[in-house]
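Below is one structure; the comments refer to it alone.
The values are calculated or read from the model by the stated rules, or taken from the named source; none is laboratory data. Keep in mind the model is a prediction, meaning the values are calculated, not measured. Using ideal geometry, Cβ is built from the backbone for each residue, glycine included, and neighbour counts are taken over all protein chains shown.
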Ligand SMILES: [Zn+2]
């Protein structure tokens, strides 16, 4: 009896410790999406673990190691070599733009506009950049071509990771996105209003605000509340 109570307690504690995840049906089985922190998330698909921008501010204590790691840009909240080293195995494929591959040597380099096919999914690197915001006049936080957003196609579902960007024309022109992760924080990316305008243009079926520290994501959701074909998913990222 005592053992049973102990086991029940243990099961409860483990369930409580597991981060909340969303499961999507695809033509090739379930896609499990686990928000971790800020721009960090994990995808599980076709028996593989895909970590996006793993950052040591997240709690990785219950996370499996990576079969794939995607990195968007050089800033510390996206490129954390120590965390990459902890999550990678000998077989891990790391995908990154050239600027990141200077630090993460051995990464598969993708530039904006390039496409690649891996065994379980396909990926396209897309632009992410500032139009107007930077550390001083004439400079931008994210210059065009340095970082990558990514579109992953997994079992027919198209998942868009915006990276650190404003609502650039390339975002607004996206087609057939099922699930989108869109940033919003000042001064580095954009406001919830700009993010909502970008999302209204490309109309994903589902959108997760991410990388939103200090921003009002309820205001973002309110701006999209009349868009019945767009589901806004507010999750705990901090
Ligand atoms: Zn960032």
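Tabulated results
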| quantity | calculated |
| --- | --- |
| Pick from region 181-213, criterion touching a strand residue (DSSP E or B) at 6+ places or on another chain (Cβ under 9 Å) and in a loop (DSSP other than H, G, I, E, B), ranking: nearest to the ligand (Cβ to nearest atom) | 211 |
| Matching entry among 99, 39, 66, 107 (being crowded, with 20+ Cβ neighbours inside 10 Å and within 16 Å of the ligand (Cβ to nearest atom)) | 39 |
| Within region 63-176, helices (runs of 4 or more DSSP H) holding 3 or more residues that are at pLDDT 95 or above and within 22 Å of residue 198 (Cβ to Cβ) | 169-172 |
| Selection status of residue 50, surrounded by fewer than 21 Cβ atoms within 10 Å (Cβ to Cβ), under 13 Å from the mean Cα position of the chain (by Cα) and assigned to a strand (DSSP E or B) | no |
| Matching residues, region 216-235, being under 17 Å from the mean Cα position of the chain (by Cα) and crowded, with 18+ Cβ neighbours inside 10 Å | 217, 232 |
| Candidates 238, 150, filtered to the one that is within 16 Å of the ligand (Cβ to nearest atom), crowded, with 19+ Cβ neighbours inside 10 Å and under 17 Å from the mean Cα position of the chain (by Cα) | 150 |
